[in-house]
Amino acid sequence: SDNPEKSAELYYERGLAYIEDGNINEAYSDLNHVAATYSKSVFADKAKLELGLLELVRDNYTNALELFKYISENRTDEIAAKAEYYYGLTLMESGNYTDAVSAFIRVNNLHSMYREWNVLAFLKTGDCYVKLKDKSKAREFYNAVISNDQYGNAAKEAKQKLRKL
């Protein structure tokens, strides 16, 4: 089509639909196409984020980290906040708790306006400190979740985790 942005969006949306339907190979194909062909489009970075999530699910940590890092270094918006959060989550899932904490703290330092990602980052930072056997730090971050998300699901989860400490 004549409109590259529209084409990028259509491929991206179709990639998401394939993920919903469990057609992961087709999803990879469309999302890679967007990332490669429409690199100037916001949908290229959104596609890279989705590809990172697919890699994370498959425990392809190296690929996931590369995709999330690229986005977080090249954007400053909510897509970057989400990528930074998932960068931390990937480190956490691969057992690298210390670096995961640094990534989660970056979510708060660089993207403080995106409350949802800040709250999730606080929660996961608490979880990392539990793994690192630092209960007082864990407590500090679970309390930060509660004060930033009084009535949300994250606060409920943080309260349960505080009781277990």
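The values are calculated or read from the model by the stated rules, or taken from the named source; none is laboratory data. Remember, it's a predicted structure, so these values are computed and weren't measured experimentally. Just the protein is used for accessible areas: all its heavy atoms, side chains included, with ligands, DNA and RNA removed. Shrake-Rupley method; radii C 1.70, N 1.55, O 1.52, S 1.80 Å.
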Karplus couplings for region 27-33 from phi (6.51 cos²θ - 1.76 cosθ + 1.60, θ = phi - 60°), rounded to Hz, Gly and Pro as x?
-> 4, 4, 4, 5, 5, 5, 4
Additional length obtainable on full extension of the chain from Arg115 to Glu66, 0.36 nm per residue less Cα span | 15.2 nm
Which angle from 0 to 90°, rounded to the nearest 10, does the C-alpha axis of helix 115-131 make with the longest principal axis of the chain?
-> 60 degrees
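Per residue, what accessible area does region 15-165 have, given a 1.4 Å probe and all protein chains present, in Å²?
On a per-residue basis, 52 Å².
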Vicinal HN-Hα couplings computed from phi for region 87-104 (Karplus, 6.51 cos²θ - 1.76 cosθ + 1.60; Hz; Gly/Pro x) = 4, x, 5, 5, 4, 4, 5, 8, x, 9, 5, 5, 5, 4, 4, 4, 5, 5
How about Lys137: which lysines have a C-alpha closer than 25 Å to its C-alpha, ignoring those fewer than 8 places off in the same chain?
-> Lys82, Lys124, Lys156, Lys159, Lys161, Lys164
For the chain, what's the relative contact order in percent, using C-alpha pairs closer than 8 Å and at least 6 residues apart?
-> 12 percent
On the accessible surface of the chain, probed at 1.4 Å, how many percent belong to carbon and sulfur atoms?
-> 47 percent
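Per-residue ellipticity at 222 nm for the chain, helices alone: DSSP H runs ≥ 4 residues times -39500 (n - 2.57), over residue total, nearest 500 deg cm²/dmol?
Numbers: 9 runs with 135 residues, N = 165.
That comes out to -27000 deg cm²/dmol.
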Quick one: in the chain, what % of C-alpha pairs are over 29 Å apart?
-> 26 percent
Cα-based Rg / Dmax (Å) for region 43-122 | 11.2, 32
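Tell me whether region 88-153 comes out rounded, prolate or oblate; compute the Cα gyration tensor, take square roots of the eigenvalues as a ≥ b ≥ c, and use a/c under 1.5 as the rounded threshold.
Numbers: a/c = 1.99, a/b = 1.26, b/c = 1.58.
Oblate, because a/c is 1.5 or more while a/b does not exceed b/c.
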